[in-house]
Structure formats: structure tokens, C-alpha cells
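Here is the structure we will look at, set down as C-alpha cells.
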Amino acid sequence: MTIDSAIKSTRPTAPSPAPEESGGGSPFTVRFWGVRGSIAAPGPATVRYGGNTACIEVRCGGAHIVFDCGTGIRPLGESLARDGGPVDIDLLLTHSHLDHISGLPFFAPAFDPASRLRLWSGHLPPERPFRTVLADMMTAPLFPVPVEIFRADCQYRDFQAGQTLDLAPGVPAGVVVRTCRLNHPDGATGYRVEHGGRSLCVLTDTEHPAEGRDPVILDLLRGADVMVYDSTYTDAEYPTRIGWGHSTWQECLRLAEAAGVGRAVIFHHDPARTDDALDVIAAEAEAMRPGSLVAYEGMELSL
């Protein structure tokens, strides 16, 4: 099995071309629309890797999946609108901190009456479902229009992390989505998408244990082709940020090695991390575990 990435160098200069279909059956593609954590960080120092917060688009086996609704979901929505026609999307939320949901009110398909959106959330207590959280965010004086402004068929599907999800009706049974709980303030959910013998894991936001590896996370990751992981800090920075709910890029690579992951993708960059600093991390990551990638907006992978 091969993984074709669109990475040409550690200094991305433009969005990559769409990946070609691999020889393993129907396409399994991943595109990054937002790669930052905590808060959007636009400006000249972040133009190459991008300043939008978390949003990852996945297509496989008839499923159209989007992880998180950070500010990166706005350009995704604009791209889908240019393609024309309604969409049918499963939005898998890792959690509901603002940097992961603040783009949702600006997602064009949410205003298309012909589109269908299923919003999955596995971290909230039963008495506080995600629609309630979203409605609170989209309430004056915080936001000028209520959640009822959405015209798409929006279905809010709350679950408990650890469950296996059934996606859209009509998505083949060959697409499997497993979940696990993550270590983050207010809770978060990790995901594993499997299709056609290939697998992608998305784990953000999470903090690694002081010693050893979290067995729940190891189980979800075991043997995955690609792992996208919270790499907000460096090992040197981490001691002053213990308890903040994030991990390091070095731990990302160590975890990938322990779980037998094919390729690790460093993700959820600190908003203060410049393009030049990320270039340095990319070079060090390649030396530590060859084939490791630093996510940037427009990066595409084909599993």
C-alpha cells in the first residue's frame, strides 16, 4: 500500500494538485483547509502554512466527511459553492472550543436548503447537546443571527466517545468510523476512518500522559496509514504548559512509532509559530522519523 502526498518540499508555496486515485480501489483523499490551533493567525509570517483554524476534508467510499468547523471551513464552503449543487456531509467535531466551531456560521452549505449536514459530537454531557452549545454561541450579543438562520437539513447527532458511528444513509458499510475519548479540558473525541483496507486517524486536541502511552489512543491508532495529531508545542515548551490539553510534535512521532502508524502529520500549530519555525520543525521531524509531514492549508494526501 502506498501513500501519495502532494508535498514537494518543507516550504509549501501553493496549494497542491488533487491526488490521483491509488491502486487500492475507490479514492481515499484528505485535504487540509485549516491547520492552526487556539486562534486564527493570519499575516505575512504564516502565509505559507496558513492561519486558519482546524478543518480537514475527507472523501472515501461515497462518504464526504469534514473534521471540525474552525475558520478553515469558510474557504471549504466557498469551494463547494463554486462546484455547484447541494452537498451531503458528515461534520465530525473533535470538541466545541471556539477555534474548532467558530467557522460554522460562515459555512456556505449551511444556508442551502437542498444540502444535508449531520453534525456529530462525542464529548458533551447528555444534558448539554451540541445544538444547545452552538445556539449559545450564535446568540446576541455574541453573534447577530441565531442558529435557526441555517436553511440546510441540519441533523445534530450527539454520541459518547468510544462508539462506532453509522454515517449517512447510503454510505457503503465499508466506511467505518471508530472513536475514542481524548485528554483535553471540557473533553474531546478522536476519530479513525477506515475504508478499503486504508485508515486515517485524527486526534486533536489531546495531551499525552506524563509517562508511557494512553492505551485507548494506542488502540485507535494501531497500524493506521496516516495519523493527524495535536502537535501544538515542542518538547522544550511543554513543561510550562502542562495541563493545557495539548501535545508536542516530538510526541506525535514517538506515538506514531509506538502504534505502528505509516505516516504522521503534525497539526494544530501554535498561533505564534511562524512559517520559518515550521520549516525547522519539518526538517527535524524528517530527520527523526522520515516521511513525517507538517500540515499546511491546501495540502492533499491520497491513501
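The values are calculated or read from the model by the stated rules, or taken from the named source; none is laboratory data. Not measured: the values here are computed from a predicted model. Heads up, the Cβs are rebuilt from the backbone with ideal geometry, glycines too, and the neighbour counts pull from every protein chain shown. SASA here: full protein model, heavy atoms, side chains in, ligands and nucleic acids out. Shrake-Rupley method; radii C 1.70, N 1.55, O 1.52, S 1.80 Å.
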Residues of region 126-163 with amide N under 18 Å of a point placed 7 Å along Cα→Cβ from residue 219: 160-163
Rounded, prolate or oblate (a/c below 1.5 giving rounded, otherwise prolate when a/b exceeds b/c) for region 99-141 by Cα gyration tensor: oblate
Cα shape, region 251-301, gyration tensor, a/c 1.5 rule: prolate
Dimensions in Å of the chain - Rg and Dmax from alpha carbons: 17.9, 52
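Given the -39500 (n - 2.57) contribution per DSSP H run of 4+ residues, what per-residue ellipticity at 222 nm results for the chain, rounded to the nearest 500 deg cm²/dmol?
-5000 deg cm²/dmol
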Net charge over other residues, Cβ less than 13 angstrom from the Cβ of residue 272 (K, R count +1; D, E count -1): -1
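Applying a 10 Å radius around every beta-carbon, put 119-129, 207-217 in order of their mean neighbour count, most first.
Most protected by this proxy first, the peptides run 119-129, 207-217.
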About the Cα centre, charge dipole magnitude for region 102-186 (Lys/Arg +1, Asp/Glu -1 at Cβ), debye: 200
Antiparallel DSSP beta bridges within region 31-150, percent to nearest 5: 45
Cβ charges +1 (Lys, Arg) and -1 (Asp, Glu), total dipole of region 214-254, debye: 40
Rounded percent of accessible protein surface that carbon and sulfur make up, region 98-252, 1.4 Å probe: 57
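To the nearest 20 debye, what charge dipole does the chain have about its Cα centre, counting +1 at the Cβ of each Lys and Arg and -1 at the Cβ of each Asp and Glu? Could you put the intermediate results ahead of the total?
Values: 25 positive and 38 negative charges, 65 e Å.
So the magnitude is around 320 debye.
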Farthest toward positive dipole pole in region 88-188 [+1 Lys/Arg, -1 Asp/Glu at C-beta], among 133, 152, 177: 177
Dipole of the chain, positive end: most advanced residue of 216, 32, 109 [Cβ charges, Cα centre]: 109
Global geometry of region 58-177, whether rounded, prolate or oblate, following the gyration tensor of its Cα atoms and the 1.5 cut on a/c: oblate
Per residue convex hull volume, Cα atoms of region 206-303, in Å³: 99
Interchain or long-range residues, amide H under 5 Å from residue 28's placed H: 22, 303
Gain on full stretching of the segment that runs from residue 135 to residue 236 - 0.36 nm per residue minus C-alpha separation: 32.4 nm
Selection from 69, 44, 255 lying farthest towards where the dipole of the chain points positive, charges on Cβ: 69
Part-to-part distance (alpha-carbon centres) for region 246-303 and region 118-153, which is given in Å: 32
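Please work out the average accessible area per residue across the chain, using the 1.4 Å probe convention, and give it in Å².
Per residue, the chain has 41 Å² of solvent-accessible surface.
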Of all DSSP beta bridges in the chain, antiparallel share, percent nearest 5: 50
Spherically averaged projected area of region 171-221 from its Cα convex hull (nm²): 4.1
Percentage relative contact order, the chain, counting C-alpha pairs under 8 Å, at least six apart: 21
